[in-house]
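Undergrad: Below is the structure I would like to discuss, written out as structure tokens.
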Amino acid sequence: MLTTRIGELLQQANLITEQDIQRALEFQQRFGGRFGAVLIRMGAVSEDVVLFHLSQQLSLPLLKDLPELESIQAAVETSNISKDWWIDQQCLAWKNQDNSISCTSRDPLDPTLQEIISQAFSNHQINWYLSRNQDLDKLLDLFTKFQQNSWFGDQDDVGHLKELAEGAPVVEFVNNMLSQAMDQRASDVHVEPEERHFYVRYRVDGVLREHLNLPKERFPAIASRVKLISGLDISERRLPQDGRLNIRVSGQELDIRVSTLPGVHGESIVMRLLPKERQTSRLNQLGFLSDHLKLFQKWVNEPHGIVLVTGPTGSGKSTTLYATLDDINDHTRKIITVEDPVEYQLPHVTQVQAHSEIGYTFAHALRAILRQDPDIIMIGEIRDVETAEIAVQASLTGHMVLSTLHTNDAVSAFTRLIDMGVEPFLVATSVRAVQAQRLVRRLCPHCAQPFDPPKDILEQTLQLLPKEIKVETPNWKKSVGCFECQYTGYKGRIGIYELVYITPELQTLILNRSHANEMRKIANQLGFRTLRQDGWIKTYSGITSLEEVMRVTENSGALLE
């Protein structure tokens, strides 16, 4: 049977497990439906994956370009079948320029449907297509002009919205949206309503990409579904809400943090996707060049002091700290973290979740942690002077403290702590070093092409190269774009870094409350490599492009001149 074959195909491709097949068969026996559709609704795989294998198996092409409304109306008139029948069957046909007929439906394999279509267009060649549900929904909406076959009804009726949010079409849409996000390696899903449409965008490799747009009429039920499964109040649309849910998508367990924000045209919804089974990255996999890696490992293995990792939101600070803890965790030292939230669980590490809403803040947790005989303390973020002062005291009493701070570059961390209210002499004596970082996109290995850099950048880069890289052949490349990278020219990300440690010259400037610009000049004279310069070295090695480095470091304050 077809149901068995598609399941076997997906299992052979390691896309689903035997357990997924059994669950889908049980669901199918109880509620019916095509096996592929059941897998999508369960969240086992995305619709794109199922359609790709069905297309190969059945030799049916996948609909890529949506037809115009006029061609659909022309085909319906030619068929002499009522408009209501097409809507009820969730099937559409359209005329092509060569007078052939193209068809797609929710179930293009239905023999009864195929027979009716063949009789209706007996004088025409008929081409059947597989289509994504979202594309078919859009076509049906165009065809009916949003007057019939709507999921939604009264958008202000909370009971009706809850009923729709639990209905099969909406459940399948949301699960498929999340599955496709995982397939595209998205870190966030944005659902954004506007006046007449709403958009779904995925953040992939730090850049937002539009995934689809649909009529506004479909938004309330989809928003209600997301709010329902994440424990939010469906009836509350005037205030921001935060929730979370655990779900299995595309074979992975996900922890999803959901945020809603009321806007002019409705609630903007953002979902942060955090795979539970994600393995902690190793320090040597993050993009550190050999000299930076040795220096950073030396810092974090010192017996006491503060090492700060800085950068804006989404620059990979937490990933660096998790990799650091994994690297230094030799089971001979007590490691405790305080985080909000705990993103990934680490073995042999005591991780504490802060709860500011009940008064259990970072500062409160740190006081308790210091009584737990820790050797290494990781603080998710230094947000206030109280947390900063306890971190300083912990470092001065023999503890290694790792934390993050929101600053544009490394030397700004010193002035930031002083601005918070920490005494300059405490900053100068407790902070061992600061690392600033950004994430740049890796060039797609399938389509990147050779590139000749500007002469001035080439000369500066050659002066900056560590000894280990100077022996390499220059490999400057530029982005192009292909199917493998979804025509972006990039696939994956890697870090660029700026490492600054306390020297007597910097200590003097900190004690004198000097401006960050003065510290940058001294750091430049001492030979510390900036974010942009570190990025240039990675372009020299063919890892990323010059344009990508310039984009990411444009406003970083990291170019020391």
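Undergrad: List pairs: first in segment 529-543 and free of Cβ contacts under 8 Å to residues at least 40 places away in the same chain and surrounded by fewer than 24 Cβ atoms within 10 Å (Cβ to Cβ), second in a helix (DSSP H, G or I) and among the polar types (S, T, N, Q), Cβ under 7 Å, 6+ apart or cross-chain?
TA: Here the result reads R532/T553, each pair linking segment 529-543 to a residue that is in a helix (DSSP H, G or I) and among the polar types (S, T, N, Q).
Undergrad: I've got another one for you. List the number of the failed condition for T415; all other conditions in (1) out of contact with any Lys or Arg (no Cβ under 9 Å at 6 or more places or on another chain); (2) assigned to a helix (DSSP H, G or I); (3) surrounded by 18 or more Cβ atoms within 10 Å (Cβ to Cβ) hold.
TA: The failed condition is (1).
Undergrad: Collect the residues in segment 17-48 that are within 17 Å of E253 (Cβ to Cβ) and part of a loop (DSSP other than H, G, I, E, B), keeping them in residue-number order.
TA: T17, G43, A44, V45, S46
Undergrad: Here's a follow-up. Hey, any hits in segment 483-493 for a residue that's of a type in the set (S, T, N, Q) and in contact with a strand residue (DSSP E or B) (Cβ under 8 Å, 6 or more places away or on another chain)? Before the answer, list the steps.
TA: First, the residues of segment 483-493 that are of a type in the set (S, T, N, Q): 486, 488.
This time we only want the ones that are in contact with a strand residue (DSSP E or B) (Cβ under 8 Å, 6 or more places away or on another chain), so: 486, 488.
Yes - at least one qualifying residue is present in segment 483-493.
Undergrad: With the requirement that a residue be of a type in the set (A, V, I, L, M), farther than 19 Å from T553 by Cα and buried (at least 22 other Cβ atoms within 10 Å of the Cβ), what does segment 395-412 give you?
TA: Answer for segment 395-412, where residues must be of a type in the set (A, V, I, L, M), farther than 19 Å from T553 by Cα and buried (at least 22 other Cβ atoms within 10 Å of the Cβ): M400, V401, L402.
Undergrad: Still on this model: Of all residues in segment 95-127, count the ones that are part of a strand (DSSP E or B) and surrounded by fewer than 19 Cβ atoms within 10 Å (Cβ to Cβ).
TA: Number satisfying all stated conditions: 2.
The rows are residues; the columns are (1) under 30 Å from Q533 (Cα atoms); (2) buried (at least 17 other Cβ atoms within 10 Å of the Cβ).
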residue: T260; (1), (2): no, yes
residue: M271; (1), (2): no, yes
residue: G287; (1), (2): yes, yes
residue: S290; (1), (2): yes, no
residue: E302; (1), (2): yes, no
residue: I306; (1), (2): yes, yes
residue: P312; (1), (2): yes, no
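Undergrad: How many of the residues in segment 427-449 are open to solvent by 30 Å² or more (accessible area, probe 1.4 Å) and either among the hydroxyl-bearing types (S, T, Y) or over 29 Å from the mean Cα position of the chain (by Cα) (or both)? Explain how you work it out, then say what you get.
TA: Applying the first criterion (open to solvent by 30 Å² or more (accessible area, probe 1.4 Å)) to segment 427-449 yields 429, 432, 439, 441-442, 445-446, 449.
Filter once more, so that each one left must be either among the hydroxyl-bearing types (S, T, Y) or over 29 Å from the mean Cα position of the chain (by Cα) (or both): 429, 432.
Looking only at that region, the number is 2.
Undergrad: From the set of residues in segment 353-372 that are β-branched (V, I, T) and open to solvent by 30 Å² or more (accessible area, probe 1.4 Å), which is farthest from the chain's Cα centre (by Cα)?
TA: Among them, the one singled out is I358.
Undergrad: Being under 18 Å from L214 (Cα atoms) and among the small types (G, A, S) is true for just one of S55, S131. Which residue is that?
TA: Numbers: S55 fails: under 18 Å from L214 (Cα atoms).
From the options S55, S131, the qualifying one is S131.
Undergrad: So, one more: Quick one: is N284 farther than 30 Å from L164 by Cα and either modelled with pLDDT of 90 or more or of a type outside the set (D, E) (or both)? It would help to see each step written out before you state the result.
TA: Numbers: farther than 30 Å from L164 by Cα: yes; either modelled with pLDDT of 90 or more or of a type outside the set (D, E) (or both): yes.
Yes: the conditions hold for N284.
Undergrad: Answer yes if at least one residue in segment 288-307 is farther than 25 Å from A368 by Cα, among the aliphatic types (A, V, I, L, M) and touching a residue at least 12 places away in the same chain (Cβ under 8 Å), and no otherwise.
TA: Yes, the conditions are met somewhere in segment 288-307.
Undergrad: Which is assigned to a strand (DSSP E or B) and open to solvent by less than 60 Å² (accessible area, probe 1.4 Å), of L51, L92, L10?
TA: Going through L51, L92, L10 in turn, just one is assigned to a strand (DSSP E or B) and open to solvent by less than 60 Å² (accessible area, probe 1.4 Å): L92.
Undergrad: Return the total of residues in segment 191-208 being under 17 Å from V226 (Cβ atoms), open to solvent by less than 50 Å² (accessible area, probe 1.4 Å) and within 10 Å of the chain's Cα centre (by Cα).
TA: Residues meeting the conditions: 1.
Undergrad: Same structure, new question: Is it the case that some residue within segment 544-557 is modelled with pLDDT under 90 and within 20 Å of L417 (Cβ to Cβ)?
TA: yes
Undergrad: Regarding Q28, is this residue open to solvent by 70 Å² or more (accessible area, probe 1.4 Å) and under 33 Å from the mean Cα position of the chain (by Cα)?
TA: Considered against the rule, which asks whether it is open to solvent by 70 Å² or more (accessible area, probe 1.4 Å) and under 33 Å from the mean Cα position of the chain (by Cα), Q28 comes out as no.
Undergrad: Further question on the same structure: Going through segment 209-240 one residue at a time, which ones are open to solvent by 30 Å² or more (accessible area, probe 1.4 Å), part of a loop (DSSP other than H, G, I, E, B) and polar (S, T, N, Q)? Don't jump to the end; show me each part of the working.
TA: Quick first cut of segment 209-240, residues open to solvent by 30 Å² or more (accessible area, probe 1.4 Å) only: 209-211, 213, 216-217, 225, 228-229, 231, 233, 235-240.
Narrowing the set further to residues that are part of a loop (DSSP other than H, G, I, E, B) leaves 231, 233, 235-240.
The answer is S235, and nothing else.
Undergrad: While we're here: With the requirement that a residue be touching a residue at least 24 places away in the same chain (Cβ under 8 Å) and of a type outside the set (S, T, N, Q), what does segment 495-508 give you?
TA: If the condition is that a residue be touching a residue at least 24 places away in the same chain (Cβ under 8 Å) and of a type outside the set (S, T, N, Q), then G495, I496, Y497, E498, L499, V500, Y501, I502, L506 are the ones that fit.
Undergrad: Okay, moving on. Just wondering, is there one or more residues in segment 450-460 that are assigned to a helix (DSSP H, G or I), free of Cβ contacts under 8 Å to residues at least 40 places away in the same chain and surrounded by 13 or more Cβ atoms within 10 Å (Cβ to Cβ)?
TA: So far as segment 450-460 goes, yes, one or more of its residues are assigned to a helix (DSSP H, G or I), free of Cβ contacts under 8 Å to residues at least 40 places away in the same chain and surrounded by 13 or more Cβ atoms within 10 Å (Cβ to Cβ).
Undergrad: Please enumerate the residues belonging to segment 54-72 that are part of a helix (DSSP H, G or I), touching a residue at least 40 places away in the same chain (Cβ under 8 Å) and surrounded by 14 or more Cβ atoms within 10 Å (Cβ to Cβ).
TA: Once the filter is applied, which keeps residues that are part of a helix (DSSP H, G or I), touching a residue at least 40 places away in the same chain (Cβ under 8 Å) and surrounded by 14 or more Cβ atoms within 10 Å (Cβ to Cβ), segment 54-72 yields L54, S55, L58, I72.
The values are calculated or read from the model by the stated rules, or taken from the named source; none is laboratory data. Values in this document were obtained by computation on a predicted structure and should not be read as measured data. Quick reminder, even Gly has a Cβ in these numbers, built from the backbone with ideal geometry, and neighbours come from all protein chains shown. With ligands, DNA and RNA removed, areas are computed over all heavy atoms of the protein, side chains included. Shrake-Rupley method; radii C 1.70, N 1.55, O 1.52, S 1.80 Å.
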